[in-house]
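Asker: Please find one structure pasted underneath; my questions will follow.
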Amino acid sequence: MIGIEGKVIAVTGASSGIGEATARLLVQRGARVLVGARRTERLAALVEELRGVGTIEACALDVTKRDSMQRFVELARSKFGRLDVLVSNAGVMPLSPFAAGRIDEWDQTLDVNVRGVLHGIHSALPVMLAQGGGQFVNLSSTASHNVWPGCGVYCASKYAVNAISEALRQEHDNIRVTLVSPGVTDSELAESTQEAGSRAFLTDFRKVSIPAIAIAEAVAFAVAQPSNVDVSELIVRPTASAA
Ligand code: NDP
């Protein structure tokens, strides 16, 4: 299958930001899209907006729960008969220095950003292998290439996404694996940072940003390639970006 039209694509974390923009663009380009997140009222509004444009369904999803991810993937398969692409986009970024001891936020970061991706692989890989191919698009970050004070756990989570994705790519000849690594992008991501010093850091760090559609276009580019072409990583950042 070449291109986007007709592909069945599931997008996690589609209730805002990059996931929402990606789902919207893929529906506009003719994919059959399943969107998931915890804020189901946001998903319902997106479905309503796109109903006349193309094919889209929504499902409550908590990527930290293995059963929830399993149900999400199963819904794509039962509604549309297959699953061509899983976009593992759901993510959080509650930054803080280690000395602040915000260990619950460390757990949340690893649960959503790492375990969520693993749950996606666990649920979707058997479906893709059984149908003879598929693609994982995992949202990483420029934070998988750089480290800053206060960003240790978030960076670790994205370094982990890179390692997981590269191993998955090497393990299969018919499964495409793509990392999309944004720089600062307009979204609600910074709102998950509560620690005062880190919020101040982010206000400065996020002064220059690009719109979420820029990342959606990168996802669409990788999905649209022929099945023997794997775009392994795309780094998409503001032109005026030091890191
Ligand atoms: P947003 O905060 O706007 O979106 C994050 C999405 O993740 C929301 O839809 C949220 O939905 C979802 N999410 C969070 N926790 C869960 C969960 N437990 N289960 C299911 N969904 C969940 O941020 P972005 O759009 O920016 O983030 C998208 C991805 O891009 C993330 O992986 C992020 O790390 C990455 N990224 C973003 C950058 C940026 O500057 N914006 C830069 C580099 C990477 P809900 O709360 O409704 O569940």
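Asker: Can you name the residue in the range 39-69 that is more than 20 Å from residue 137 (Cα to Cα) and charged (D, E, K, R) and is also surrounded by the fewest Cβ atoms within 10 Å (Cβ to Cβ) among such residues?
Answerer: Ranking the candidates gives 41 first.
Asker: Kindly indicate which of 159, 154 is buried (at least 17 other Cβ atoms within 10 Å of the Cβ), without any contact (Cβ under 8 Å) to a residue 40 or more places away in the chain and within 16 Å of the ligand (Cβ to nearest atom).
Answerer: 159
Asker: Select, from 87, 63, 73, the only residue that is touching a strand residue (DSSP E or B) at 6+ places or on another chain (Cβ under 9 Å), β-branched (Val, Ile, Thr) and without any contact (Cβ under 8 Å) to a residue 60 or more places away in the chain.
Answerer: Only one candidate qualifies: 63.
Asker: Which of the following residues is touching a strand residue (DSSP E or B) at 6+ places or on another chain (Cβ under 6 Å), more than 25 Å from residue 122 (Cβ to Cβ) and not in a strand (DSSP E or B): 226, 238?
Answerer: 238
Asker: Being over 14 Å from residue 19 (Cβ atoms) and either surrounded by 16 or more Cβ atoms within 10 Å (Cβ to Cβ) or at pLDDT below 95 (or both) is the filter here, so list the residues in the range 72-81 that pass it.
Answerer: Passing the criteria: 73, 75, 76, 77, 80.
Asker: Looking at the range 220-243, which of its residues are among the small types (Gly, Ala, Ser), farther than 14 Å from residue 84 by Cα and over 15 Å from the mean Cα position of the chain (by Cα)?
Answerer: Within the range 220-243, 240, 241, 242, 243 qualify.
Asker: Return the total of residues in the range 129-151 being in contact with a Ser or Thr (Cβ under 9 Å, 6 or more places away or on another chain) and not in a strand (DSSP E or B).
Answerer: Adding up the residues that qualify gives 9.
Asker: Here is a check on your reading of the model: is residue 94 open to solvent by less than 40 Å² (accessible area, probe 1.4 Å) and not in a helix (DSSP H, G or I)?
Answerer: Yes.
The values are calculated or read from the model by the stated rules, or taken from the named source; none is laboratory data. Worth saying up front: this structure is predicted, and the values here are computed from it rather than measured. In this analysis, Cβ positions are derived from the backbone assuming ideal geometry, glycine residues included, and neighbour counts consider all displayed protein chains. Surface areas here come from the heavy atoms of the whole protein model, side chains and all, with no ligands, DNA or RNA. Shrake-Rupley method; radii C 1.70, N 1.55, O 1.52, S 1.80 Å.
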